[in-house]
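Engineer: To start, I am sharing the structure in question, which I have written as structure tokens.
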Amino acid sequence: MSTLKPMIDRSRSKLVLQEGKKHPKWVFLLKFLGWATLTGATAAVVGVVAVYYIFTPGLPAIPKVEEYWPPIVSEVYTDDAVLAGEFYNQRRKVVPYERIPKRLVQAFIASEDSSFFDHFGVDVLGTTRAVTKTVLTKLGLRSGGVQGGSTLTQQTAKAVLIAAEGYKEATAKTPKRKIREALLARRLEAALTKEEILYLYLNNVFLGHHSYGVQSAAENYYRKDVRDLTLGEMTLIAGLPQAPSRYSPFLRPEAAKKRRSYVLRRMLEEGMISQEEHDTANAEPVKVYPVEDVFHEFAPYFVEQARRDIVERYGNPALLDQGLKVFTTMDSERQRAAQEAVLRGLLTLDKRQGWRGPLTEKPLAEPERKAFIERAKKVMEGEELVLNRLYVALVTKIDADGKGADIQVGPHTGRLPLLGMRWARKVNPESYYSANGMISSVKKAISEGDLIVVRHVTKKGLWDDKEQYDKKLAEAIPDDEEPKAAAKEPAEGEEGAEAADAAATKAAEAPKSPKKGPKLFRLEQVPEPQSALVSIDPHRQYLTAMVGGYDFDDNEFNRAFQACRQPGSSYKPLVYSAAIEKHKWTEATIIVDSPIVEHDPDSKVSWKPENYTEAFVGDVLLRTALINSMNIPAVKTFGKVGTKNMAEWARTLGLSTPMNMDFSSALGSSCVYPVELAQVYATFNRYGRKKPTYFIRKIEDRFGRTLEDHTAFDDPWAPLQDRVASGYARLFEPGEQVMSPETGFIITHLMRGVVLEGTGAQAQRLGKPTAGKTGTTNDSFDTWFSGFTRDLVAVAWVGYDLNPHPLNRFENGGRAALPIWLEYMKKALADRPQPEFLPWESMELVRLPIDEKTGKIASDGSKNMKLLFFKKGTEPKEYTPQKGQIDEQQFLMGQQ
């Protein structure tokens, strides 16, 4: 016992000493960590399970790679496969992973997620940090934005969430969103290979300037396919996802270059590229190209009309998200020709109307002039002048003798000779444009301090306006609304004008160095009149070209489809075709051209129509009346057909607009849409067979499946399978024969006479068999030319949108609209022969020599004889009483 006690005492003593001792902090820390390890594991498991069950419901399904169909761009093409427009919410073009260069993939991995092939999809620390800081920010315990990294898998998960839930919900800065994103990232990693995740990511990532995915970025920044990018270009694109705006190569090229250097350095550090490759790519200049706006630059009116039609029939989401491929019926070359013709025609016509004055109401004072010049210099810093481009210029000095002016265009000084602005007389709709009416001094149009629009030209270009205008006036053949002898404007002094021309010519032709001498300019102004041109291939039923106005960016109103305008005399062929079809009238029917007064019992208004020449000629043939566009015979023919019958006939031919129920409609007082009038003339061209006109040839969905197809069997641009399938379908759509083929041919023959002998004679300059009709309304508010060859129909309209005043005196369809039509048709039919208009062998027609005075069969030796066509049974039987008799057989069908 005694031996045991000391041991116990020592032991107790030791215990007492330990109880009184202060233990180090690390001892308690170890104990706490041990406890935390045991209890935390359980808590973590419980937390993970809780998070899973709380945040997993509603997560979108993992996309199958083969069923990955994100929003992509819809493309609009011409018939000859030229890209004409794009529509999208997200400009994305999906490309297979195999088409994406390996170096581009490495660049994204190096800059965004270097451990991509090693991790399980989630940056745990970064996500936890982001969630924690978000919570603290929400509680007001921390300021600043959310921070934390995301793997490429998490970024892909975010894209999937955006597609399923919308951008606002899927990008909300909340802990819930980050947790759901991480959970979905884990699911992606479990369901897909790393390469499949990269495929989804690289086709989804936003890279600035409407670019979604690497293919779209390659096109937007470098106008290349993604396969053709250089290493420098790849690394610039790979540096954009973090902050596309901050590193925009357009807005911040230096920042983009620094970011590119970072990506290159990371690739070098990861052993993805050599030092030489790094240095070469790093030395590349940052050179990107503006995003091509093909919609506005190519054919905006045509493409916008296609867009409207697709949205109406398929819906806007289909167009903006589903990657439709739309092939229009537009011929790109003809479309360019139409736009050039309208532009040139309006510029020419507008100058004939006169000078509306400078851009400012009054000349700028000296301080304002200096300020303008300084601003213009900054805008045009380092920019060279481009020939034929328009500029805003400041008039700095006027010659004392009025022979020219000095102007300032940005940093460039220039010269505006009188020869480049002689057209600038004051606007006066009551006057007639002529060479003698042009100004003889620049002082009559501009003053020092004026801001004006000018065009940079060569010496030859100074003459373009005068030569073109005078030539057009000299070659113009009297129109249906133009007297044979045009009134002459009083000259400002013919000798003075000639002297001014001579002096200006001498100054312009003086030997000067183009580098040292002043740049030459011509005065311009934005046209006030507007125009529309519609062109139809009547046999393929294609709308091959269409222009709806001078400038789509200035005014999107499409006058070809939306402007209802009075057709004037262009309506007369409809009136005469009704009489020929329904009342067995003929080309030789006699109509009395004498004064009439029509009384309207409802409005109690009397109307007395007059011919343009204000003269009456008595008995005339129907043919003569149409060729010379006589008003009284047209009104009398309209009366014979009847107002209600004529309204029904117009609807039958294809006009949707209601006709005025009075006799003024005979002269085109009821408005029509240019595109519908063109379709009526296409019906005449087809000898009375009405068929629909298509402006969309084919639509395919994103998988290449055909949604609709109107391809003509002889379309040289369409694939063979389209031509065969659609050509077969067309057999079951023969169209509607709205008039007998004989009537269709006779009305075409009559309009052929309009070109050969009448108001449309200027159209003979086309050099191909042409039929057509001019049209001008009262006071020249609307001017038209509607004409066609065997293979092409075109209608041109010119006028003012709101009719602030009429066009100048004697402006008419032949002078204002026909030149546009003619210029377009020359280019559209270049090197394409056109056959004469001939009747079908099946037509029951008789061709006889007719005396133009009596409408009877002409006797031998008659000087006023014309060979006319008649439906069999409607031909005249009587002969003109002259000496001798001719053999009718020699004038039967087919003899020339």
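The values are calculated or read from the model by the stated rules, or taken from the named source; none is laboratory data. Since the model is a prediction, treat every value here as computed from it, not as a measurement. Here Cβ is always computed from backbone atoms with ideal geometry, including for glycine, and neighbour counts include all displayed protein chains. Accessible surface is based on the protein model in full, side chains and every heavy atom, while ligands, DNA and RNA are left aside. Shrake-Rupley method; radii C 1.70, N 1.55, O 1.52, S 1.80 Å.
Engineer: Can you name every residue in the stretch 73-119 that is at pLDDT 95 or above, part of a strand (DSSP E or B) and open to solvent by 10 Å² or more (accessible area, probe 1.4 Å)?
Structural biologist: Matches in the stretch 73-119: GLU75, TYR77, LEU83, GLU86, PHE87.
Engineer: Here is a follow-up. Among the residues in the stretch 310-318, are any surrounded by fewer than 16 Cβ atoms within 10 Å (Cβ to Cβ), among the hydrophobic types (A, V, I, L, M, F, W, C) and either modelled with pLDDT of 95 or more or out of contact with any strand residue (DSSP E or B) (no Cβ under 9 Å at 6 or more places or on another chain) (or both)? Break it down into steps so the answer makes sense when it comes.
Structural biologist: Within the stretch 310-318, the subset surrounded by fewer than 16 Cβ atoms within 10 Å (Cβ to Cβ) is 311-313, 315-317.
Keeping just the survivors that are among the hydrophobic types (A, V, I, L, M, F, W, C) gives 311.
If we keep only those that are either modelled with pLDDT of 95 or more or out of contact with any strand residue (DSSP E or B) (no Cβ under 9 Å at 6 or more places or on another chain) (or both) as well, we get 311.
Among the residues of the stretch 310-318, at least one is surrounded by fewer than 16 Cβ atoms within 10 Å (Cβ to Cβ), among the hydrophobic types (A, V, I, L, M, F, W, C) and either modelled with pLDDT of 95 or more or out of contact with any strand residue (DSSP E or B) (no Cβ under 9 Å at 6 or more places or on another chain) (or both), which makes the answer yes.
Engineer: Looking at the structure I just gave you, is TYR289 among the aromatic types (Phe, Trp, Tyr) and at pLDDT 95 or above? Explain how you work it out, then say what you get.
Structural biologist: Working: among the aromatic types (Phe, Trp, Tyr): yes; at pLDDT 95 or above: no.
Spelling it out, it is not the case that TYR289 is among the aromatic types (Phe, Trp, Tyr) and at pLDDT 95 or above.
Engineer: Quick check on PRO804: is it within 22 Å of LEU346 (Cβ to Cβ) and either of a type in the set (D, E, K, R) or part of a loop (DSSP other than H, G, I, E, B) (or both)?
Structural biologist: Numbers: within 22 Å of LEU346 (Cβ to Cβ): yes; either of a type in the set (D, E, K, R) or part of a loop (DSSP other than H, G, I, E, B) (or both): yes.
It is true that PRO804 is within 22 Å of LEU346 (Cβ to Cβ) and either of a type in the set (D, E, K, R) or part of a loop (DSSP other than H, G, I, E, B) (or both).
Engineer: If you don't mind, there's one more thing I want to ask. For the stretch 532-546, state whether one or more residues are among the aromatic types (Phe, Trp, Tyr) and closer than 23 Å to SER780 by Cβ. Step through it out loud before you land on a result.
Structural biologist: Taking the stretch 532-546 and keeping what is among the aromatic types (Phe, Trp, Tyr), we get 542.
Still in the running and closer than 23 Å to SER780 by Cβ: none.
No, the conditions are met nowhere in the stretch 532-546.
Engineer: Being at pLDDT 95 or above and farther than 11 Å from ASP593 by Cα is the filter here, so list the residues in the stretch 612-623 that pass it.
Structural biologist: Within the stretch 612-623, ARG623 is the sole residue that qualifies.
Engineer: While we're here: Among the residues that make up the stretch 324-337, is at least one of them assigned to a helix (DSSP H, G or I) and open to solvent by 30 Å² or more (accessible area, probe 1.4 Å)?
Structural biologist: Kept after step one, since they are assigned to a helix (DSSP H, G or I), are these residues of the stretch 324-337: 332-337.
Filter once more, keeping what is open to solvent by 30 Å² or more (accessible area, probe 1.4 Å): 333, 336.
Within the stretch 324-337, one or more residues are assigned to a helix (DSSP H, G or I) and open to solvent by 30 Å² or more (accessible area, probe 1.4 Å).
Engineer: Can you tell me which residues in the stretch 669-699 are within 21 Å of the chain's Cα centre (by Cα) and open to solvent by less than 50 Å² (accessible area, probe 1.4 Å)? Talk me through it step by step, then tell me what you get.
Structural biologist: Our first condition is that a residue be within 21 Å of the chain's Cα centre (by Cα); within the stretch 669-699, this holds for 673-676, 678, 693-699.
Listed by number, the residues that qualify are PRO674, VAL675, GLU676, ALA678, THR693, TYR694, PHE695, ILE696, ARG697, LYS698, ILE699.
Engineer: Return yes when SER216 is touching a residue at least 60 places away in the same chain (Cβ under 8 Å) and open to solvent by less than 10 Å² (accessible area, probe 1.4 Å) and no when it is not. Lay out the reasoning, then the answer.
Structural biologist: Working: touching a residue at least 60 places away in the same chain (Cβ under 8 Å): yes; open to solvent by less than 10 Å² (accessible area, probe 1.4 Å): yes.
In short, yes.
Engineer: For the stretch 722-741, does any single residue satisfy the condition of being buried (at least 23 other Cβ atoms within 10 Å of the Cβ) and not charged (D, E, K, R)? It would help to see each step written out before you state the result.
Structural biologist: Just the residues of the stretch 722-741 that are buried (at least 23 other Cβ atoms within 10 Å of the Cβ), to begin with: 739.
Those still in the list that are not charged (D, E, K, R) too: 739.
Yes, some residue in the stretch 722-741 is buried (at least 23 other Cβ atoms within 10 Å of the Cβ) and not charged (D, E, K, R).
Engineer: Taking the stretch 234-249, which residues are in contact with a helix residue (DSSP H, G or I) (Cβ under 9 Å, 6 or more places away or on another chain) and crowded, with 16+ Cβ neighbours inside 10 Å? Walk me through how you get there before you give the answer.
Structural biologist: The initial filter retains those residues of the stretch 234-249 that are in contact with a helix residue (DSSP H, G or I) (Cβ under 9 Å, 6 or more places away or on another chain), namely 234-243, 246-249.
Within the stretch 234-249, MET234, THR235, LEU236, ILE237, ALA238, GLY239, LEU240, PRO241, TYR247, SER248, PRO249 qualify.
Engineer: Applying the selection to the stretch 250-266, what residues are charged (D, E, K, R) and open to solvent by less than 40 Å² (accessible area, probe 1.4 Å)? Walk me through it before giving the result.
Structural biologist: The first filter runs over the stretch 250-266 and keeps only residues charged (D, E, K, R), leaving 252, 254, 257-260, 265-266.
Correct list: ARG259, ARG260, ARG266.
Engineer: For the stretch 853-893, how many residues meet the condition of being surrounded by 10 or more Cβ atoms within 10 Å (Cβ to Cβ), more than 24 Å from LEU626 (Cβ to Cβ) and modelled with pLDDT under 90?
Structural biologist: Counting residues in the stretch 853-893 that are surrounded by 10 or more Cβ atoms within 10 Å (Cβ to Cβ), more than 24 Å from LEU626 (Cβ to Cβ) and modelled with pLDDT under 90 gives 8.
Engineer: Test LEU240 against the criterion of being within 35 Å of the chain's Cα centre (by Cα) and in a helix (DSSP H, G or I), and give yes or no. Spell out the reasoning first.
Structural biologist: Numbers: within 35 Å of the chain's Cα centre (by Cα): yes; in a helix (DSSP H, G or I): no.
So LEU240 fails the test.
Engineer: Okay, moving on. In this structure, is GLU374 in a helix (DSSP H, G or I) and open to solvent by 60 Å² or more (accessible area, probe 1.4 Å)?
Structural biologist: Values: in a helix (DSSP H, G or I): yes; open to solvent by 60 Å² or more (accessible area, probe 1.4 Å): yes.
Yes.
Engineer: Continuing with the same structure: Can you go through HIS296, HIS278 and tell me which one is within 24 Å of TYR221 (Cα to Cα), touching a residue at least 12 places away in the same chain (Cβ under 8 Å), in a helix (DSSP H, G or I) and open to solvent by 40 Å² or more (accessible area, probe 1.4 Å)? Full working, then the answer.
Structural biologist: On the way: HIS278 fails: open to solvent by 40 Å² or more (accessible area, probe 1.4 Å).
After applying the criteria, what remains is HIS296.
Engineer: Go through the residues of the stretch 785-798 one by one and say whether even a single one is buried (at least 24 other Cβ atoms within 10 Å of the Cβ) and either out of contact with any Pro (no Cβ under 9 Å at 6 or more places or on another chain) or among the charged types (D, E, K, R) (or both). Outline the logic, then answer.
Structural biologist: Taking the stretch 785-798 first, the residues buried (at least 24 other Cβ atoms within 10 Å of the Cβ) are 785-789, 792-798.
Going one step further and asking which of them are either out of contact with any Pro (no Cβ under 9 Å at 6 or more places or on another chain) or among the charged types (D, E, K, R) (or both), we end up with 787, 794.
Checked the stretch 785-798: at least one residue is buried (at least 24 other Cβ atoms within 10 Å of the Cβ) and either out of contact with any Pro (no Cβ under 9 Å at 6 or more places or on another chain) or among the charged types (D, E, K, R) (or both).
Residue-wise test of (1) open to solvent by 30 Å² or more (accessible area, probe 1.4 Å); (2) of a type in the set (Gly, Ala, Ser); (3) assigned to a helix (DSSP H, G or I); (4) over 24 Å from PRO692 (Cβ atoms).
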site: ARG752; (1), (2), (3), (4): yes, no, yes, yes
site: GLN764; (1), (2), (3), (4): yes, no, yes, yes
site: GLY772; (1), (2), (3), (4): no, yes, no, no
site: LEU822; (1), (2), (3), (4): no, no, yes, yes
site: MET825; (1), (2), (3), (4): no, no, yes, no
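Engineer: Please work out which residue is farthest from GLU333 (Cα to Cα), limiting yourself to the stretch 539-570 and to residues that are over 15 Å from the mean Cα position of the chain (by Cα) and assigned to a loop (DSSP other than H, G, I, E, B).
Structural biologist: Residue satisfying both the conditions and the ranking: GLN566.
Engineer: Out of curiosity, is ASP715 within 28 Å of GLU836 (Cβ to Cβ) and either touching a residue at least 60 places away in the same chain (Cβ under 8 Å) or surrounded by 14 or more Cβ atoms within 10 Å (Cβ to Cβ) (or both)? Don't jump to the end; show me each part of the working.
Structural biologist: Details: within 28 Å of GLU836 (Cβ to Cβ): yes; either touching a residue at least 60 places away in the same chain (Cβ under 8 Å) or surrounded by 14 or more Cβ atoms within 10 Å (Cβ to Cβ) (or both): yes.
It is true that ASP715 is within 28 Å of GLU836 (Cβ to Cβ) and either touching a residue at least 60 places away in the same chain (Cβ under 8 Å) or surrounded by 14 or more Cβ atoms within 10 Å (Cβ to Cβ) (or both).
Engineer: Of everything in the stretch 158-196 that's aliphatic (A, V, I, L, M) and within 38 Å of the chain's Cα centre (by Cα), which residue is modelled with the lowest pLDDT?
Structural biologist: Ranking the qualifying residues of the stretch 158-196, first place goes to ALA170.
Engineer: Let me ask another. I'm trying to understand the selection: among the residues of the stretch 272-309, which are of a type in the set (A, V, I, L, M, F, W, C) and over 17 Å from LEU83 (Cα atoms)?
Structural biologist: Just the residues of the stretch 272-309 that are of a type in the set (A, V, I, L, M, F, W, C), to begin with: 272-273, 281, 283, 286, 288, 291, 294-295, 298-299, 302-303, 306.
Result: MET272, ILE273, ALA281, ALA283, VAL286, VAL288.
Engineer: May I pose another question? Keeping to the stretch 419-445, report how many residues are over 25 Å from LEU807 (Cβ atoms), modelled with pLDDT of 95 or more and crowded, with 21+ Cβ neighbours inside 10 Å. It would help to see each step written out before you state the result.
Structural biologist: Step one: filter the stretch 419-445 for residues over 25 Å from LEU807 (Cβ atoms), giving 419, 441-443.
Then drop every residue that is not modelled with pLDDT of 95 or more, which leaves 441-443.
Filter again for crowded, with 21+ Cβ neighbours inside 10 Å, leaving 442.
Here the count works out to 1.
Engineer: Let me ask another. If I go through the stretch 76-122 residue by residue, how many of them are over 30 Å from SER332 (Cβ atoms) and among the β-branched types (Val, Ile, Thr)?
Structural biologist: Residues flagged as over 30 Å from SER332 (Cβ atoms) and among the β-branched types (Val, Ile, Thr) within the stretch 76-122 amount to 4.
Engineer: Between a first residue in the stretch 615-630 that is under 14 Å from ILE850 (Cβ atoms) and in contact (Cβ under 8 Å) with a residue 60 or more places away in the chain and a second residue that is assigned to a helix (DSSP H, G or I) and open to solvent by 20 Å² or more (accessible area, probe 1.4 Å), which pairs have beta carbons less than 8 Å apart while being 6 or more apart in sequence or on different chains?
Structural biologist: Matching pairs, first to second residue: ILE627/GLU757.
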